[in-house]
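Here's the structure we're looking at; comments come further down.
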Amino acid sequence: MKWVTIVGARPQFVKAAVVSRCMRQAGDMEEVLVHTGQHFDPMMSEVFFEEMRIPEPAENLEVHALSQAAMTGRMLEKIESVLLRERPDGVLVYGDTNSTLAGALAAKKLHLTLAHVEAGLRSFNREMPEEINRIVTDRIADWLFCPTEKAVEQLAKEGIAGPQVVCCGDVMQDAALFYAPMARQPEGFDATLPFVLCTVHRAETTDNPQRLRSVFAALERISETCEVVLPLHPRTRKALENIAYDFSASRLHWMEPVGYLEMVWLLQRCEMVLTDSGGLQKEAYFFRRPCVTLRDETEWVELVENGYNLLAGTESERILTTFRAMREHPLSFAQAALYGQGDAGAKIVEVLRTIKK
């Protein structure tokens with residue numbers, strides 16, 4: 001049985017590493033890994049394949065640095081060519097990026113079985129490109145692998161229910177358990193402990209100068225009382241340069257983008273996470289770290305409901321207030337795992353092996 005897997009961004013490399021390993025262990029499955037090129041910086045892409053022991057992609061479509069529509073369209077065209085050549089039994093997509101949507105559309109235009117890992121998530125903010133990608137992919141997928149029961153419930157509300165909807169747990173939980181012993185210190189890391197780990201990369205922040213200034217004004221204020229370590233996404237660096245951000249006067253501890261194993265090392269040692277990343281919100285929970293999310297909503301509502309995550313938006317004073325509130329109330333992480341037992345990849349592959357072309 002042959003599956004084509006479509007990936008293009010850092011979180012997808014992490015998720016695909018889990019399922020790809022389970023496919024290889026199954027022994028009767030062939031996987032063709034296609035990298036769209038959406039994340040093209042070596043530290044956002046190549047390093048993940050190297051350190052996570054993922055075979056090099058069979059195809060790198062090298063589609064990047066375009067508008068949302070142009071990127072998706074170019075990917076769709078190139079993925080279709082790969083699928084026509086490979087003639088797989090099915091197509092596997094992850095998450096909510098343009099790569100996800102392009103892979104899903106290409107599969108269904110060719111009447112191929114489509115499986116979506118991380119189905120059923122909603123932020124209910126349709127200004128986010130990711131939200132549109134999720135909704136469309138879920139609507140056309142043949143198999144929907146949900147990380148939580150809440151995701152299953154959301155699909156049911158949208159009229160998507162039945163045996164094709166599988167609650168399998170979260171593959172990123174699998175990754176956290178498997179790769180944690182391999183974590184390594186970023187080269188040249190010299191921040192003092194304890195520190196706050198921060199990432200900012202969402203387009204709705206980086207593409208809005210007012211929001212961007214507001215978020216970084218808050219981060220600079222926070223850095224007056226504790227060290228803030230910030231691996232800088234290439235898009236965020238460019239956006240800050242565009243608003244003439246004074247890096248020389250900054251108190252933030254800037255870093256180049258880091259690989260997954262280095263990010264795990266940082267998570268293991270930080271006291272708190274500040275982020276607008278969906279994946280890092282969960283990874284903070286996996287490593288028992290409180291999280292403040294620099295957005296007005298999150299797909300991972302169970303983290304908020306259980307107090308592990310507080311939403312701070314992008315306004316400076318609210319970020320500061322939320323950060324202080326989280327810091328002053330230590331959390332207990334005694335509750336049972338919210339995202340499964342670390343066997344999501346095996347459950348997904350078990351289902352994939354039963355699917356007929």
Eight or more residues apart or on different chains, and alpha-carbon atoms under 16 Å: count the Lys pairs in the chain matching that. 10
Highest GNM mean-square fluctuation, the chain, Cα pairs closer than 10 Å: which of 188, 340, 73? 188
Using the Cα atoms as the points, what is the convex hull volume per residue of the chain in Å³? 127 Å³
For the stretch 106-234, what does the equivalent ellipsoid look like in terms of its semi-axes, each the square root of 5 times an eigenvalue of the Cα gyration tensor, given largest first in whole Å? 36, 21, 14
Three principal axis lengths of the stretch 182-328 [C-alpha, angstrom, descending]: 37, 34, 27
Hey, in the GNM for the chain with a 10 angstrom Cα cutoff, which one of 180, 334, 70 fluctuates hardest? 334
Charge context of residue 151, other residues only, Cβ under 9 angstrom, K/R +1, D/E -1: -2
Counting Lys and Arg as +1 and Asp and Glu as -1, each charge on the Cβ, what is the dipole of the chain about the Cα centre in debye, to the nearest 20? 480 debye
Summed residue charge, Cβ within 9 Å of residue 314's Cβ, Lys/Arg positive, Asp/Glu negative: -1
Principal axes first, then extents: for the Cα atoms of the stretch 27-136, list largest minus smallest coordinate on each axis, whole Å, largest first. 40, 35, 25
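Laboratory data are not the source of any read-out in this text; all were calculated from the coordinates shown. Nothing here was measured: the structure is a model prediction, and the numbers come from that model. Backbone-built Cβ (ideal geometry, glycine too); neighbour counts: all protein chains shown.
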